[in-house]
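Bear in mind that the values in this text are calculations on the coordinates, not laboratory data. Remember, it's a predicted structure, so these values are computed and weren't measured experimentally. Every residue, glycine among them, receives a Cβ derived from its backbone with ideal geometry; neighbour counts consider all protein chains shown.
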Amino acid sequence: MGTNFRSKRFLNLLNIPLIFYLIICEINISNKRLYANTKPQATQQDIFLYKQMGASYLCKSINDKIDFDFKKAFAVSTYTFAEVIFSKHGNLIKEAGKEKLTPERVLFIGEIEILNSAIKICPKQIPNDVKKRFEETLKKLKKQTNRKK
């Protein structure tokens with residue numbers, strides 16, 4: 001009977017800190033905002049990081065030592081760029097405003113950004129026809145941008 005009495009007293013002593021802890025946790029939880037379904041927009045720094053990673057992958061994989069196919073390496077780097085924008089940022093890019101971009105648009109942005117960086121990082125490894133198409137695409141985009149202004 002003596003041990004039963006001590007066990008109840010011991011449990012009662014544990015209840016005080018437990019109750020205090022639960023009260024503090026409840027206060028802490030109620031003061032926090034809930035961000036359940038919101039993802040931050042990709043900033044210019046985010047885009048810069050992702051495109052540099054993609055360009056680095058592209059340059060390394062088409063390097064003479066590894067010798068991957070350009071199209072496959074470019075596709076992998078572009079889809080990786082797009083996947084990060086989708087999963088981490090919910091297809092939201094700060095420069096596009098609050099508009100949620102389509103996956104195709106994010107892939108297009110990734111292609112442009114990664115090629116732009118890759119041409120600067122490893123120009124000799126980028127095929128000439130790809131460089132030409134890239135330059136033509138940039139000219140078209142500049143014309144479209146000038147028309148909208």
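Can you compute the modelled spin-label distance between LYS98 and LYS139, with each label point 7 Å from Cα toward Cβ, in nm?
3.9 nm
What percent of all Cα-Cα pairs in the range 44-142 falls into each 10 Å bin, going from 0 up to the bin containing the maximum distance?
Percent of pairs per bin, in order: 16, 49, 29, 6, 0.
Could you calculate the contour length gain from LYS88 to LEU49, that is, 0.36 nm times the residue separation minus the distance between their Cα atoms, to one decimal place in nm?
Working it through step by step, the gained length comes to 12.7 nm.
Can you give me the relative contact order of the range 44-142 as a percent, contacts being Cα pairs under 8 Å and 6 or more apart?
30 percent
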